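Here is the structure we will look at.
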Amino acid sequence: MQTLYDRLWNQHVVHTESGDSDSMTLIYIDRHLVHEVTSPQAFESLRLAGRKPWRLNSILAVADHNVPTTDRSHGIHDPVSRLQVDTLDQNCDELGITEFKMNDVRQGIVHVIGPEQGATLPGMTVVCGDSHTSTHGAFGCLAFGIGTSEVEHVLATQCLLMKKSKTMQICVEGELGWGITAKDIALAIIGEIGTAGGTGYAIEFTGSAIRALSMEGRMTLCNMAIEAGARAGMVAVDDITINYIKGRPFAPQGELWDKAVAYWRTLHSDADAVFDRTVTLDAAQIKPQVTWGTSPEMVTTIDGSVPDPSSIADEVKRHDMEQALNYMGLRPNTPIQQIMLDKIFIGSCTNSRIEDLRAAAQIVNGKHIAANIKQALVVPGSGLVKKQAEQEGLDQVFLAAGFEWREPGCSMCLAMNDDRLTAGERCASTSNRNFEGRQGPGGRTHLVSPAMAAAAAIAGHFVDVREMRQ
Amino acid sequence: MNKFHTFTGLVAPLDRANVDTDAIIPKQFLKSIKRSGFGQNLFDEWRYLDHGEPGMDPSKRKLNPEFVLNQSRYQGSEILLARANFGCGSSREHAPWSLQDYGFRVIIAPSFADIFFNNCFKIGLLPIILDTGSVDYLFDAVKTIDGYQLTVDLQNQVVATPKNEVFDFAVDAFRKHCLLNGLDEIGLTLQHAEKIKQFEQKRRNEQPWLFA
């Protein structure tokens, strides 16, 4: 009786010091995704130590954080950003690492392109110097973010030294209501268990509502596992997983495909597997979620209000809430639907895939953004997502509604390029973090689903997307 | 990595839960391709009143007198006392780099985010978990007593106060060994190179699609 996590872990153990499950274990890494922000120091140290990457074909690199989302024909104008992207290019060229360069149609956010290319496969261990690597767990693999020292460690040894996590099952049973998405499930879970609720755990999402999600939805959910404190989130393999992978460039073909699929179908928890903790949610009860504070756990429903710190007994919690409301410029007890917005951001590794863009486009079709919205951005997750959306005419829907249609990248999720909020600006964002300054110094972020962001763009304030059902 | 020796150091209290890595080192400073120099931008948005960008001279910037690390009594702190879930958010190792570059050698909190916790050990910065009651006690002490210092003894896994009150802490034996001896983890792993090669070969035979 094994959980999916146990199964994946056991498959990758190279060496363990003492043999007990609590000791440091050497784990083999199948796929190493690399981006420009967390890799330069790792490559530099590798070079200084006279070492070479252990297995080149395990690595796939792309620049996503620093790239401009506007016209790229003149390169990157910020010299500091440009140096970082150039450094990645040089490291990859020199070592012979496969990289999708900025003007390659396959370029995009690392957590979008991995699955899109079939470079993320079930049963793999997948790492990247990026906390949202948990995204890839949607494919029944063990995927987690690492720091730069570990990036170097994987480059040099193809392994990582780590301790096994505890296991948590989050079971979402039932059917989601119209307009409710994986993003709402993720935020509802974080509201329930808190941003540290998953610390020390690997989370497996189970239940009929999860089985019913597309791969895009499962990726959104696993992406946010880290926002619940868990390094890894995962979903068992089923037909939806396998159908998504089939025919992708890095996926196996022919006889190998059949062999792989037979193995992948074993990647689930046993019926009698025991988890260290189980949390259950009723899908039918989940409403559209909106964050009001500076941590993803500071979340409520669209029919809710900004909470009142005076009702909180715990001193540290009350103090945090007061600080958050002060930063967010919100008064206690304000109905969420009365919060007026300045900017809209649809994008990020959480919500920039084709299904996300379709959901947003469906809401804005034939309408126009409100007069108080200064800027509404749609930033597709990859060049291929962008191309597909354009083939479906989604770009025209957005442009006609007053949105800007951009080139792929991380963009305003963390504002390392020019896409950012200025101090005091309030944004409905489909990204993953509402931390202070995350989308620009002094910027105020409210996390929502793509459909909710689109609805807010049209109304100029938060509205219940369920009321826009046609 | 430098060896971790027992030391006695000044404590600074950061009285706030869920301090995230964006707050520890804001994104504009992540564009550096170096590993050093991040200390001057540690907690940049809380520490300075003006907006910081890479390359600015910190001596010409406006300090926020309200921020704890700017108060004269905490100058030269080597131990940061923090609240629950310290280091949540991104995997950026720039966060521990900036804390270490600023001069911190130890962070004490009731809990840490997983990736941050792990990253600290890789560079010789020691994160210590104490129970909430002990952390509350230390917050009171450090705020009340000017120049409050703690002694951190990794070998014996204890934090001691000036009054010789002692708080035990847990640490993984392997990590402790690496810290005390300043060991390079990559070098240690490569001692198992043959085992890694054997594992890889077996995997290549069983799941060849992973090696295409």
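A compact table of results
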item	result
Base-10 log of normalised Debye intensity for the range A:61-188 (one unit scatterer per alpha-carbon) at q = 0.12, 0.23 Å⁻¹	-0.62, -1.50
Distance from the range A:268-291 to the range A:154-185 (C-alpha centre basis), Å	11 Å
Gyration tensor verdict on the range B:1-118 (Cα atoms; rounded if a/c is under 1.5, prolate if a/b is larger than b/c, oblate otherwise)	rounded
The range B:114-157 shape via C-alpha gyration tensor axes, a/c threshold 1.5	prolate
Selection from A:ASN351, A:GLN338, A:ALA370 lying farthest towards where the dipole of the range A:285-418 points positive, charges on Cβ	A:ALA370
Proportion of all alpha-carbon pairs of the range A:26-105 beyond 22 Å (%)	26 percent
Proximal lysines to B:LYS163, defined as alpha-carbon separation beneath 30 angstrom and excluding residues fewer than eight positions away on the same chain	B:LYS3, B:LYS143, B:LYS176
Residue-averaged beta-carbon neighbours from other chains (10 angstrom radius) around A:298-309	0
Mean separation of Cα contacts under 8 Å (6+ apart) over length of the range B:1-133, as relative contact order %	30 percent
Ranked by how many other beta carbons lie within 10 Å on average, peptides B:67-78, B:164-175, A:344-355 from highest	A:344-355, B:67-78, B:164-175
Rounded to whole Hz, the Karplus (6.51, -1.76, 1.60) HN-Hα couplings of the range A:365-370, x for glycine and proline	3, x, 10, 9, 5, 5
Helix B:193-206 vs. chain B, principal-axis angle (Cα, 0 to 90°, nearest 10)	60 degrees
The range A:84-153: C-alpha gyration tensor shape, a/c 1.5 cut-off, then a/b vs b/c	oblate
Cα-based Kirkwood hydrodynamic radius, the range B:92-208, one decimal, Å	16.7 Å
Unit charges on C-beta of K, R, D, E only; dipole of the range B:1-140, Debye	500 debye
Phi-based couplings in Hz for the range B:124-136 (Karplus 6.51, -1.76, 1.60; Gly and Pro marked x)	x, 9, 9, x, 10, 9, 10, 5, 4, x, 5, 5, 4
Leading residue at positive end of dipole, chain A (Cβ point charges), from A:GLN388, A:ALA456, A:TRP9	A:GLN388
Student exercise, the protein assembly as shown dipole from Lys, Arg, Asp, Glu Cβ charges, in Debye to nearest 20	820 debye
Structure-based [θ]222 nm, the protein assembly as shown - -39500 (n - 2.57) summed over DSSP H runs of at least 4, per residue, nearest 500	-9000 deg cm²/dmol
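Taken together, the values in this text are just the output of simple stated rules run on the coordinates, not laboratory data. Small disclaimer: the values here were computed from a predicted structure and weren't measured. Cβ: placed from backbone, ideal geometry, glycine included. Neighbour counts: every protein chain shown.
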